[in-house]
Amino acid sequence: MHRIPEQDQARPGGDVEATLKGLFLKGLDGDATAYRAFLEQLSRHLRAFLGKRLFGWPDDVEDLVQECLLAMHNQRHTYQSDQPLTAWVHAIARYKMIDLLRSKSVREALHDPIDDAQDLFAGDDASVGDARRDLQTLLATLPERQREAIVRTKLEGLSVADTASLTGMSESAVKVNVHRGLKALAAVIKGAA
């Protein structure tokens, strides 16, 4: 059995982000032992992350952990080292969890009281920050005009006319930029899943 060097083990209460990121970056540089240690520790982290959100579905949690590990391995080239690794990991895990929930029979979900459904998606305060970083990272991939049109109309709730007058674009240009930007974001998200 492979043993993780003590300096590369996440300690209880320790900095999981720093440990995982360090191992991942070493793995990307060709250190197979560090990459194996990263996958082992990430598996434990994902089981806890997904288990808390999918309580009562232990078989699905384990399947989802494996799907996430595979997706992260296949998409490792998309990780931007200046961003928190756990935000990237959690974004992929959330997309995989949403895919799982969509694939589940709707009837199963209808048997749960609506109050309990909130626990399924309940996140800690870090999840809100992770979601903001995920959104900012996604928006940063867009050209300025598309990003501004989406932020103004979809996030700030301005009308197309107000956005056009603020940005100097025509109303049709605002609509086109929103459409193209959302289409580009969907492609990025689909590629990460």
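The values are calculated or read from the model by the stated rules, or taken from the named source; none is laboratory data. Here the structure is a predicted model, which is why all the values come from computation and not from measurement. Ideal geometry is used to build each Cβ from the backbone, glycine not excepted, and the neighbour counts take in all protein chains shown.
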Picking from 32, 37, the residue that is surrounded by fewer than 17 Cβ atoms within 10 Å (Cβ to Cβ) and over 22 Å from residue 191 (Cα atoms) would be 32
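Residue-wise test of (1) hydroxyl-bearing (Ser, Thr, Tyr); (2) assigned by TED's automatic domain parsing to the domain that holds residue 189; (3) out of contact with any Cys (no Cβ under 8 Å at 6 or more places or on another chain); (4) farther than 25 Å from residue 132 by Cα.
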residue: 33; (1), (2), (3), (4): yes, no, yes, yes
residue: 44; (1), (2), (3), (4): no, no, yes, no
residue: 49; (1), (2), (3), (4): no, no, yes, no
residue: 59; (1), (2), (3), (4): no, no, yes, yes
residue: 69; (1), (2), (3), (4): no, no, yes, no
- request: For residue 152, indicate whether it is at pLDDT below 90 and touching a Pro at 6+ places or on another chain (Cβ under 9 Å).
  value: no
Checked region 162-193 for anything surrounded by fewer than 16 Cβ atoms within 10 Å (Cβ to Cβ), among the polar types (S, T, N, Q) and touching a helix residue (DSSP H, G or I) at 6+ places or on another chain (Cβ under 7 Å); matches are 170
| query | On the given criteria, is residue 147 at pLDDT 60 or above, surrounded by 11 or more Cβ atoms within 10 Å (Cβ to Cβ), within 20 Å of the chain's Cα centre (by Cα) and in the same structural domain as residue 178 (by TED's automatic domain parsing)? | reply | yes
